[in-house]
């Protein structure tokens with residue numbers, strides 16, 4: 001069987017990051033291990049529109065096209081699928097990733113020409129594709145979403161053994177072909193690759209859907225597999241910097257985490273590394289921070305979200321302002337470049353609350369502060385509160401903005417208008433980066449034209465697009 005795996009572009013050009021798609025890498029590995037042929041197209045990186053992708057699928061005589069579906073891209077994915085089916089009606093299409101996991105029925109209803117979807121981990125499902133495609137009754141195949149006489153059937157959920165597929169198929173992804181625009185936008189070195197060491201999160205933050213897609217139990221890869229992956233990236237692809245994009249690496253069992261950090265330090269790879277996706281600040285202590293530094297970590301992000309205790313409690317963060325302040329006293333001893341993430345416009349907050357958060361952020365000794373305008377994405381508790389108010393036909397348009405740095409969802413906050421939230425967001429950045437040290441330190445981290453272009457794009461969105 002011949003698969004075409006696709007990382008879709010945002011057809012409206014709103015996407016900022018350009019990451020090697022880890023999920024597709026693991027799917028490709030599963031397909032190869034099961035004896036199938038795999039072609040990968042990164043439509044986001046290579047600016048491939050729906051018409052061109054449809055021609056590729058026809059030229060390469062593809063049997064199955066699979067899409068990685070983030071919620072902000074579901075609008076674009078529908079356009080890709082419609083064009084592929086127009087050119088080749090018999091081709092099989094499937095979508096997996098966050099949006100099909102969070103909203104499986106909406107995925108198949110909205111993308112009406114999509115044949116199948118996958119909830120959660122997709123490796124085992126794609127490896128068994130020959131079997132379930134040949135069966136009329138597909139109910140015994142975990143994680144599959146399918147149609148039966150017009151009804152959308154969602155099969156039982158199972159989580160994959162993360163060590164069954166040792167690492168992504170990097171020879172398919174070709175990590176050295178990617179421009180350096182990671183999650184953090186900036187980096188210390190120019191050749192960066194993303195790695196995932198764990199999956200899962202046991203917390204219930206109201207704005208986040210990670211436990212739904214990755215599970216609440218922390219699943220850890222074998223340390224030798226992670227080190228072998230880094231060795232491959234360094235030796236074959238000349239990667240100089242690793243970004244672990246786990247949902248929260250430091251939530252892993254402590255023994256595993258300490259063994260991993262010691263193993264990484266002992267390996268003495270010629271790299272630096274970071275945790276740009278964020279880590280819980282309450283998991284960090286002297287021992288972990290010391291080993292992170294020893295192993296080559298120079299930067300990590302922490303989700304602070306708010307300087308208002310009532311907001312943190314409503315978010316179910318499990319943090320107090322006092323604990324955050326005490327943790328920063330420890331963190332600042334080690335010289336990390338820390339990014340502190342904050343949310344402005346959370347539904348329970350007013351202008352005074354947001355100003356308190358901005359003051360708190362500017363008083364922290366951090367390398368960078370990022371101020372997100374609140375957006376209730378599918379999979380989160382806050383999305384569950386409002387999705388019934390929106391016609392499903394319009395969900396895709398409401399969530400199709402990929403630029404998390406600058407956009408708020410709608411007037412979900414009844415206390416403050418979207419325009420005022422945007423003004424406060426601009427004020428927060430001006431106040432933080434108005435300090436020469438903060439601005440100079442950030443500028444020094446810009447290594448490539450792609451990074452500068454991304455920063456300019458974010459800034460222009462922030463300054464001139466009020467919705």
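Some notes on this structure:
Conditions (1) surrounded by fewer than 20 Cβ atoms within 10 Å (Cβ to Cβ); (2) at pLDDT below 95, marked per residue:
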{"site": "343", "(1), (2)": "no, no"}
{"site": "354", "(1), (2)": "no, no"}
{"site": "357", "(1), (2)": "no, no"}
{"site": "361", "(1), (2)": "no, no"}
{"site": "365", "(1), (2)": "yes, yes"}
{"site": "368", "(1), (2)": "no, yes"}
{"site": "373", "(1), (2)": "no, yes"}
{"site": "376", "(1), (2)": "no, yes"}
{"site": "383", "(1), (2)": "no, yes"}
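- Annotation note: of 103, 83, 60, the sole residue that is more than 14 Å from residue 396 (Cβ to Cβ) and touching a helix residue (DSSP H, G or I) at 6+ places or on another chain (Cβ under 8 Å) is 83.
- Residue match in segment 181-200 (condition: part of a helix (DSSP H, G or I), in the same structural domain as residue 253 (by TED's automatic domain parsing) and under 24 Å from residue 275 (Cβ atoms)): no
- Which numbered condition residue 84 fails, given (1) over 25 Å from the mean Cα position of the chain (by Cα); (2) more than 24 Å from residue 19 (Cβ to Cβ): (2)
- Residue count for segment 113-139, restricted to those that are surrounded by fewer than 17 Cβ atoms within 10 Å (Cβ to Cβ) and either within 23 Å of residue 32 (Cα to Cα) or touching a helix residue (DSSP H, G or I) at 6+ places or on another chain (Cβ under 8 Å) (or both): 7
- Some residue of segment 148-157 being farther than 19 Å from residue 24 by Cβ, in contact with a helix residue (DSSP H, G or I) (Cβ under 8 Å, 6 or more places away or on another chain) and in a strand (DSSP E or B): yes
- For segment 33-54, a residue qualifies if it is surrounded by fewer than 18 Cβ atoms within 10 Å (Cβ to Cβ), within 21 Å of residue 194 (Cα to Cα) and modelled with pLDDT of 95 or more, and exactly one does: 39.
The values are calculated or read from the model by the stated rules, or taken from the named source; none is laboratory data. From a predicted model like this one, the values you see are computed outputs, not experimental measurements. Methodologically, a virtual Cβ is constructed for each residue, glycine included, from the backbone with ideal geometry; neighbour enumeration extends over all protein chains shown.
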